[in-house]
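Presented below is the structure to which this report refers.
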Amino acid sequence: MSFPPIREELRGIEPYGAPQLDVPVQLNVNENPYGPSPEAVADIAAAVAAAAGTLNRYPDREFTALREGPAAYLNTSGGSDITPDMVWAANGSNEVMLQILQAFGGPGRTALSFAPTYSMYPEYARNAMTDWVVGHRAEDFSLDLDAARELIVSRKPSVVLLPSPNNPTGTALPPEAISMLCEAVGDRIPVVDEAYGEFRREGVPSALELLPRHRNLVVSRTMSKAFAPAGARLGYLAADPAICDAIRVVRLPYHLSAVTRATASAALRHAPELLGNVAELRAERDRTVVWLREQGFEVADSDANFVLFGMFADRHAVWQGLLEHGVLIRETGPDGWLRVSIGTADEMTAFKDALTIVMKNESMKDMT
Ligand SMILES: *Cc1c(COP(=O)(O)O)cnc(C)c1O
C-alpha cells in the first residue's frame, strides 16, 4: 500500500483551493470588501475578552444563547415566526452542510444537485460517503422544472441541495419552483442554500417564507458573505426543530468555540451596520452586469455578489492576464466562463481597466 494509506477514493485528490494570492485587487472568493466598522470591532473585541475569562470551561453544547441572534435576524430577512429551536449553527455553512449529509445522507443514500453548482457539494457527499447525482441546468442556468422533478422522483435522493442564488451563476430560484421541488423530494430533505440571500434583487423572495408549508425544508445562511466576517466562520440554518435535534447526533462535542460564539453574537448585534454596504454592493453588481454586456460579453443575471461572464476561447489566458494586472478573479463554472466577485467601486474600476487591456491583447493574439 502506498504512503500515506488514505481512503482509495481520496488518493491523488487536490484539496479545495481557490488560489490565495496576495494581490491588490482580490475578487475571487465572494468576500465582502468592507470590513467591520470600528464600533463592531470594539464590541467583538469586548465580547471575546469576556469569553476569554471562561476558556477553562467547555461552552454550552447546545449553544442556546447563540441561537437567538440568527432567529431574530432571519425574522427581519424574509422569515417569520422563526424561533431559536429552529436554528442550527456550525463553523461556516460548509460545516452545516456536511452535518446535514452526515445525518440525512450516508452509505446507500444519495445527494443531488444541478450543475453548474457549488463545487464543494460533491466533496461533502464524498466525505459523508453519500452517492452523488448531478442533474443539469438549462442554457440560461435556470432549472428545467419538469426534468428536475423527474430526476428527483427517479433517483429518490435523501438530500437535494438547491443553492439560491446559485454559485457560480448567481441564479435565484422562484418560490414556486422550490415548493414544487420540495413536493418531489417528499419525506426526504431539500436544502435551499441562501449563502447569498441578502443580495437578492428587489422582488425576489427568500425560501424562508416556505418553511411553514414544507416541514422537511432546510434553509441555510452564512455570516461569511453579506455580513462580511468570513473569518469568524459561522453558518446556520433554519428548519423544523426536529431536524435541528437530529443534527445534534452527528456534531462533534462543543463544536462551536466560545470565541466563535462571542464573535458571532456581537456581530449579529451589529447586523444593520454590517449589512449597511449590501445596497451599494447590489448596485455595483447591477452596474457591472450592464458594463460587461456593453462590452459584448455574455453575462448571467445575478442575485448574488458576483457575476459570471464569458464566453472566452481561452479563459485561463484571460484569468492570467488579469492577475498580471493585479486583479484576481475566479476560474470556475462551465468552460469559457469566469466569475468576478463584486468589490468596492475602485476595485471594480481596476477590474474593468485590466479586462479592457487584456481583451485587446487577446484579440491581437487572434490576428497573428
Ligand atoms: C460561500 C458559500 C457558502 C458559505 O460558506 P461558509 O462556510 O459559510 O463560509 C455556502 N454555500 C455557497 C454556495 C457558497 O458560495
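Miscellaneous remarks
- Residues H136, H255 ordered from highest to lowest accessible area at a 1.4 Å probe: H136, H255.
- The chain - mean residue ellipticity at 222 nm from DSSP helices (-39,500 (n - 2.57) per run, n ≥ 4, rounded to 500): -11500 deg cm²/dmol
- Projecting the Cα atoms of L292, A304, V159 onto the dipole axis of the chain, where Lys and Arg carry +1 and Asp and Glu carry -1 at the beta carbon, places V159 farthest toward the positive end.
- Simple Cβ-charge dipole of the range 52-177, Lys/Arg +1 and Asp/Glu -1, about Cα centre, in debye nearest 20: 420 debye
- Enclosed volume per residue, in Å³, of the convex hull spanned by Cα atoms of the range 237-368: 175 Å³
- Ordering G235, L10, L328 by Cα displacement along the dipole of the chain toward the positive end leaves L10 in first place; charges were set at the Cβ atoms of Lys, Arg (+1) and Asp, Glu (-1).
- Selected from T356, T171, T344 as most flexible by GNM, with the chain as the system and alpha-carbon contacts under 10 Å: T356
- Chain lengthening between M129 and Y58 when straightened (0.36 nm per residue, less Cα-Cα): 22.5 nm
- Net charge dipole, the chain: roughly 920 debye, given to the nearest 20, about the Cα centre with Cβ charges of +1 for Lys and Arg and -1 for Asp and Glu.
- Sparse packing (at most 11 other Cβ atoms within 10 Å of the Cβ) combined with a DSSP loop state is found for the following trypsin sites (Lys or Arg not before Pro) in the range 209-301: R213.
- GNM flexibility winner over the chain from V159, V192, V204 (Cα, springs under 10 Å): V204
- Value in Å of the Kirkwood radius, where the range 38-269 supplies the Cα pairs that are averaged: 18.0 Å
- Taking 0.890 mPa s as the viscosity and 25 °C as the temperature, the Stokes-Einstein diffusion coefficient of the range 121-211 based on its alpha-carbon Kirkwood radius rounds to 178 µm²/s.
- The residue list S265, L173, V218 was ranked by how far each Cα lies along the charge dipole of the range 38-269 toward its positive end, using unit charges on Cβ atoms, and S265 comes out on top.
- According to the Cα-based calculation, Rg over Rh for the range 31-129 is 1.04, with Rh computed by the Kirkwood formula.
- If you sort Y121, Y73, Y34 by accessible surface, 1.4 Å probe, largest first, the order is Y34, Y73, Y121.
- 20 Å cut-off, amide nitrogen to a point 7 angstrom out along V153 Cα→Cβ, residues in the range 108-147: 110-114, 133-138, 143-147
- The antiparallel fraction among DSSP beta bridges confined to the chain stands at about 45%.
- Set of the range 153-196 residues, backbone N closer than 18 Å to the point 7 Å along the Cα-Cβ line of R7: 158-159
The values are calculated or read from the model by the stated rules, or taken from the named source; none is laboratory data. Since the structure is predicted, the reported quantities are computational estimates derived from the model, not experimental observations. Virtual Cβ from ideal backbone geometry, glycine too; neighbours counted across all protein chains shown. Please note that ligands, DNA and RNA were not included when accessible areas were found on the heavy atoms of the full protein model with its side chains. Shrake-Rupley method; radii C 1.70, N 1.55, O 1.52, S 1.80 Å.
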